[in-house]
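*Asks:* I'd like to ask some things about the structure below.
The values are calculated or read from the model by the stated rules, or taken from the named source; none is laboratory data. In this text the structure is predicted, and so the values were computed from the model without any measurement. Here Cβ is always computed from backbone atoms with ideal geometry, including for glycine, and neighbour counts include all displayed protein chains. To get the accessible areas, we keep the full protein, side chains included, count just its heavy atoms, and leave off ligands, DNA and RNA. Shrake-Rupley method; radii C 1.70, N 1.55, O 1.52, S 1.80 Å.
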Amino acid sequence: MSGLFDDLLQPLGDKQRDALVSAWAALEYGSEPASEAALPALRDAALRHLLDQMLRRTGRTLVHAGAYLWTSGYRDDIAAELAAKGWGILPPMERAALILVLIHSVAIPRAEGRLAGDDWQSPHPTTPTHLRKLSQIHGQRRLSDALQWLRSAGLVRLVRGADSGTAGASYVPGPALRRLTPAARQRLQENLILAVGPDTALATAVTVRRSLGRPEVTTSPRSGS
């Protein structure tokens with residue numbers, strides 16, 4: 001980090017510099033979003049703007065992760081460049097496992113009115129056994145390996161005893177999903193629409209808009225991390 005942010009930090013006093021560096025480290029290396037209450041640089045609008053400038057120099061950006069909570073994630077333009085080069089693309093099995101967890105722990109509970117909000121947090125875990133029964137994924141080892149990989153990447157989180165209706169290992173979306181920008185969150189939500197109801201009118205609208213390269217427009221139910 002030496003020298004990269006000198007022109008932004010040098011005009012500031014020691015206290016402000018320390019606050020910015022501490023916030024930058026917490027955002028980039030913390031496994032969970034950082035609270036404004038714990039970091040002065042997040043509470044102060046001017047310092048938060050400087051913090052975003054620091055992040056943007058490394059291809060990152062501030063991401064609002066809830067009430068008084070912030071994290072960092074890849075800028076949309078950088079994410080597009082990386083994806084075009086094949087970097088950060090999930091293998092097919094891991095992608096399928098992640099979509100299944102999102103469908104059963106977020107999409108279905110939200111559609112049934114059991115989950116409010118528009119992020120990827122959920123108190124409704126799902127089990128590998130449940131995922132195998134309701135999907136075409138065959139082989140316990142393949143799904144278990146995929147879930148383990150997703151867990152190590154922070155894309156799913158293991159919970160125990162969170163739901164009286166499940167036993168053993170259960171999974172909910174992981175903290176890495178909270179690093180998605182609003183545009184990235186919408187793409188993921190649209191992918192869920194395409195996965196769950198490919199023949200629906202909403203899926204058709206998503207496919208047509210994407211084929212025409214039109215700008216993304218937020219759609220309900222309350223899309224938007």
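*Asks:* Could you give the angle, 0 to 90 degrees to the nearest 10, between helix 14-29's Cα long axis and the longest principal axis of the Cα atoms of the chain?
*Replies:* The angle comes out near 20 degrees.
*Asks:* Considering only protein heavy atoms and a probe of 1.4 Å, how much of the accessible area of the chain is carbon and sulfur, as a whole percent?
*Replies:* Roughly 55 percent, rounded to a whole number.
*Asks:* Sorted by average packing, counted as other Cβ atoms within 10 angstrom per residue and highest first, what order do 149-155, 71-77 take?
*Replies:* Packing proxy ranking, top to bottom: 71-77, 149-155.
*Asks:* Please turn the phi angles of region 107-123 into ³J(HN,Hα) values with the Karplus equation 6.51 cos²θ - 1.76 cosθ + 1.60 (θ = phi - 60°), one per residue in order, whole Hz, x for glycine and proline.
*Replies:* In residue order, the calculated couplings are 4, 5, x, 5, 5, 8, x, 8, 9, 9, x, 10, 10, 9, 7, 8, x Hz.
*Asks:* Still on this structure, please answer the following. PRE reach from SER35 (point 7 Å along Cα→Cβ): which of region 55-86 fall under 19 Å by backbone N?
*Replies:* 63-72
*Asks:* Output the direction-averaged projected area (hull surface divided by four) of the convex hull of the alpha-carbon atoms of the chain, in nm².
*Replies:* With the hull built on Cα positions only, its mean projection is 14.4 nm².
*Asks:* If I take R0 = 25 Å and measure r between the Cβ atoms of LEU134 and THR200 in this structure, what FRET efficiency does the formula 1/(1 + (r/R0)^6) give, to the nearest 0.05?
*Replies:* After rounding, the FRET efficiency stands at 0.85.
*Asks:* How about region 1-63: which trypsin sites (Lys or Arg not before Pro) there lie in a loop by DSSP and see at most 13 other Cβ atoms within 10 Å?
*Replies:* Listed in order of number, the matching sites are ARG57.
*Asks:* Can you give the helix-only mean residue ellipticity at 222 nm for the chain, where every DSSP H stretch with n ≥ 4 adds -39500 (n - 2.57) and the sum goes over all residues, rounded to the nearest 500 deg cm²/dmol?
*Replies:* Calculated mean residue ellipticity at 222 nm is -13500 deg cm²/dmol.
*Asks:* If you count only protein heavy atoms with a 1.4 Å probe, what accessible area per residue comes out for the chain, rounded to a whole Å²?
*Replies:* 55 Å²
*Asks:* Now, a different point. Which FRET efficiency value, to the nearest 0.05, is calculated for THR207 and LEU82 with the Förster distance at 25 angstrom and r the Cβ-Cβ distance?
*Replies:* Taking R0 as 25 Å, the efficiency between THR207 and LEU82 is 0.60.
*Asks:* Rounded to the nearest 0.05, what FRET efficiency do SER22 and VAL159 have when you use their Cβ-Cβ distance and R0 = 35 Å?
*Replies:* FRET efficiency, SER22 to VAL159: 0.70.
*Asks:* Which cross-chain or sequence-distant (5 or more) residues have an amide H under 5 Å from the amide H of VAL63, H modelled 1.01 Å from N in plane?
*Replies:* Correct list: THR71, SER72, GLY73.
*Asks:* Using each residue's phi in region 195-209, evaluate 6.51 cos²θ - 1.76 cosθ + 1.60 at θ = phi - 60° and report the 3J(HN,Hα) Karplus result to the nearest Hz, with x for Gly and Pro.
*Replies:* Once θ is set to phi - 60°, the couplings for region 195-209 become 6, 7, x, x, 9, 7, 5, 5, 5, 4, 4, 5, 4, 5, 4 Hz.
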